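Structure first, then comments.
What follows is calculated from the coordinates using simple rules that are stated; it is not laboratory data. None of these values were measured; they are calculated from a predicted model. Every residue, glycine as well, gets a Cβ built from its backbone with ideal geometry; the counts of neighbours run over all protein chains shown.
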Amino acid sequence: MLRLPLCICALVAIGALPAVVSAQSQEVARTAETARRRGEHERARRIARDALEQGTSEPDDVAALQRVIGLASAALGDADAARDAFTRLLAITPDVRLDTDLPAEIRSPYLEARGFWTGTTDRLGVQVELDEETSSLVARAADPARMVSRYRVRVRSEGGSWREVARAPSDVITIPIPELTTARSVEYSVAMLDELGNRVYRRGSDESPERAELAPIEVAVVPGGDDASRALAPAVDPTPFYVAGAALAAGAIGLAVGGGVSTSEAHRLAGEWSSDACLGAAPELATRAETCPGLDDSARTNETISFVLYGIGGALLVAAIVTFAVAPSGSSRADEAPLIEGAEPVAEAPAPMFGCGAGPGEIGVACGVSL
């Protein structure tokens, strides 16, 4: 009768262990910081390094300890150790700042570390995605400071058991997930460990895991069938795009023709205005405006109209080109989709009487009538 309570207590203790360890690391970091503020720089650095050598610290604790090591080492004149500590500190907490009133010999290694991170676009971290083709979890890691010696990935399918995989540093980590052949998602956590075993980066945990999902499969069900279906991504009908593009192109052509007519009329009126006909019998007694009233204004009006028509027509032409360019493929992917086990083939829809397809070149349309 005593075994069950004992087992429960043991499990609770194991589950609480990370929190206890983190609390201990935080207390050590505070002790080291107190020693540093008292001017005991060598002791503060030794306390922080001893804590890191335990290999149990979480990222925030590592950052606090590296800050103490950096400041203490700078105060002791050990610029290399200070720069390395500040580089690791900024890898974990990029936004950390030091007091501007600190002496230059202490801020100098820190500024050198900031310069390192300013010169690189990558930041410490991992991007995770699922690869359906290879049924695997792919983690793309970034570690510009080369402070990671091991990756630890824990993964499980929904309702399954955790499986842990440890890998050496690499830009791309691929972990086979056989369950992806039936499951569409997995839960995972990723930790990046330094050479002592401390976590310098963590994403997810057993208690609060991250989740990665594959794109959902859209299933088309055959009417009258018993769940007869297949994985089928429905094709989007491109006809509305083609019709809209053709209408925009026709409008652009119409406006261009109208602009040409207005331009021609403006040139005709301008020529008439400049001709001798508008000088009159006695040029010294009447101006062109008096001899040909309204002619110059009409020419200018037609010129303005032509500019407006050309501008609107050009905009419509651009819109037509964009509409054709974004038109989806009208071909169905039914032939490419594998049948789900136990499913019947999906009956093909009858071809429409009027249909459009890709025309000549990269952008074009060809329509026909099926009888």
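Once you have the Cα-Cα distance between Glu27 and Thr118, take 0.36 nm times their residue separation minus that, and quote the gain in nm to one decimal.
29.6 nm
Report the net charge of residues surrounding Ala35, where surrounding means a beta-carbon distance below 14 angstrom and charges are Lys +1, Arg +1, Asp -1, Glu -1. Present the calculation step by step, with values, prior to reporting the outcome.
Values: positive: Arg30, Arg36, Arg37, Arg38, Arg43, Arg45, Arg46, Arg49, Arg67; negative: Glu27, Glu33, Glu40, Glu42, Asp50.
Residues near Ala35 contribute +4 overall.
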Counting only DSSP loop positions in the range 86-150, the trypsin sites (Lys or Arg not before Pro) whose Cβ has at most 15 other Cβ atoms within 10 Å are Arg97, Arg123, Arg146
Counting other beta carbons within 10 Å of each residue's own, what order do Glu213, Glu40 fall into, fewest first?
Glu213, Glu40
Under the rule of at least 5 residues apart or a separate chain, name every residue whose amide H is placed under 5 Å from the amide H of Tyr201.
Met192
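Counting only other residues whose beta carbon sits under 14 Å from that of Arg114, what net charge do I get with K and R as +1, D and E as -1? Can you show the working numbers first?
Details: positive: Arg67, Arg83, Arg88, Arg97, Arg107, Arg123; negative: Asp84, Asp95, Glu112.
Result for the neighbourhood of Arg114: +3.
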What is the local net charge at Ser306, summed over the other residues whose Cβ is closer than 12 Å to its Cβ (Lys, Arg +1; Asp, Glu -1)?
-1
